Structures are given as structure tokens and as C-alpha cells.
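Encoded as C-alpha cells, the structure appears first; notes follow it.
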Amino acid sequence: MEVTDYSFFPTRVVTIQFPETELLNEELCDLFERRPELDDRSNTQPEALNLLRLAETVPAIEQLRSMFLAGVKHWLDAERIARPEGIDLLLFSNRTGRGESTIAHNHRTDLIGIYYARTADSSREPISPDDSEDYFEPGDGVLVLHDPRFNANLTSLGHRDHVKVHPRPGLMLIFPAYVWHSVTPHRGDFHRLSFAMNFTLRWPAGVEEPHSLK
């Protein structure tokens, strides 16, 4: 498992490349082929079906849950935030066909996790170490993280106002839910499949939430 810790904007972004996920990804993709009730509503209505209700009967979903929990622990440790009393989890899918994209949005929770099961082939590193990429070059199903600071794009003094993530199977990202993000159009003739986890952190009564999560 290869964990990389970034600080953009500045915003903590953790990427995890899990090894040997081929079988898991195949089972996740097959799940959506075999279960017609798992339609594409989750793309825009994640509350319609929390996939974690399948964890007891679908080992791949339980394995994905464990991986997401490992990811959020890495993020909390990187931010030096004490472990919360509990975490409420909402798992949903994003299954897109050719030409489909996702507009810029954020989530009403504390942290977001994204895991990629099927993506376009790419030989690139998931995140480029510099800011040389053209914002208007769409790529294929590229995740764009937008600087949450107002009018950040009007300043070019030594920082980047967006980060492009070139997904690959087995890659996971964890970042704060306030970060606006979008996905460029998928160009393949297959269904691109990713999973998102909303993490809502619960703290003991009378304990103020960490400033960095507000």
C-alpha cells in the first residue's frame, strides 16, 4: 500500500494506491451488472441507497468499507487530529458512460473518500508534482480539485488554484468535504466506476470539533 500525503491550497489530500485490487475491482464491477436495482441514481442521489447495507452479504463491499476506514485514519493522523468518538458512513457509487461528467460540487459532511474500480488506462502519476497542466485540457475522466479560497484563480504567486487527479484502479483519495471538485467527461465505451464515501465525524458531548474540520 503506497500512501502519499499532499498539502494543496493548503488543503490536506491523502492518496492511497492499494496493491492487488484486480479481483476486488472485478467483483465490484460485476456487482452492478448482476444487480439491476443498483442503477445510476447514486450519481446524483447518494442518499437513495447506502451501499453499506450490502456489506454483510457482499464481501467486496465490506472490504471496500475497511479500506475507506484505513484511508480516513491516515488523513486524521496526517492532520494530527485525535480519533473521533465515531464515524457515520455513507457509501455510494458513481457509474458513468461515454461522454458523461460530473459538475463542480462539494458534500455536506466532514470528509470525502473516493475509490476507483474501473477507469481509463493511464501511465501518468495520479497527481503531477508541478502545476504545468492546462486547466482547460479535459483529459479522460479526470478529477479536478478546486481551490476553496474565494477568487484564488486571480492570484498566480507561487500556488496552484486547482489540482488534477488522473485516476487508476485501486487508487483512493481522502480530502475535506468543503473542497469543490468535478470530473471531466469519460471517453471510453465502457462504464467508468468509482465509489465515494461520506465521513461524518462524531465527537463526545462537550468537545469542540477540530478547527481544521470546520
Would you mind working out the magnitude of the charge dipole of the chain relative to its Cα centre, with +1 at each Lys and Arg C-beta and -1 at each Asp and Glu C-beta, to the nearest 20 Debye?
400
Arranged by the count of other C-beta atoms within 10 angstrom, fewest first, what order do Asp5, Asp134 take?
Asp134, Asp5
Fewest to most neighbouring Cβ within 10 Å: what's the order for Phe9, Phe150?
Phe150, Phe9
Would you kindly work out the equivalent ellipsoid of the chain from its C-alpha gyration tensor and give its semi-axes, the square roots of five times the eigenvalues, largest first in whole Å?
25, 23, 16
Sorting Val58, Val165, Val179 on the 10 Å Cβ count, fewest up front, what's the list?
Val58, Val179, Val165
Percent relative contact order of region 2-204, based on C-alpha pairs within less than 8 angstrom and at least six residues apart?
34
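Restricting to DSSP H runs of at least four residues, report the calculated mean residue ellipticity at 222 nm for the chain, -39500 (n - 2.57) per run over all residues, nearest 500 deg cm²/dmol.
Taking each H run of at least 4 residues, the total per residue is -5000 deg cm²/dmol.
Each reported figure results from applying straightforward, stated rules to the coordinates on display, with no laboratory input. Since we're looking at a predicted model, the values are computed, not measured. A quick note on method: Cβ atoms are made from the backbone with ideal geometry, for glycine too, and the neighbour counts reach across all protein chains shown.
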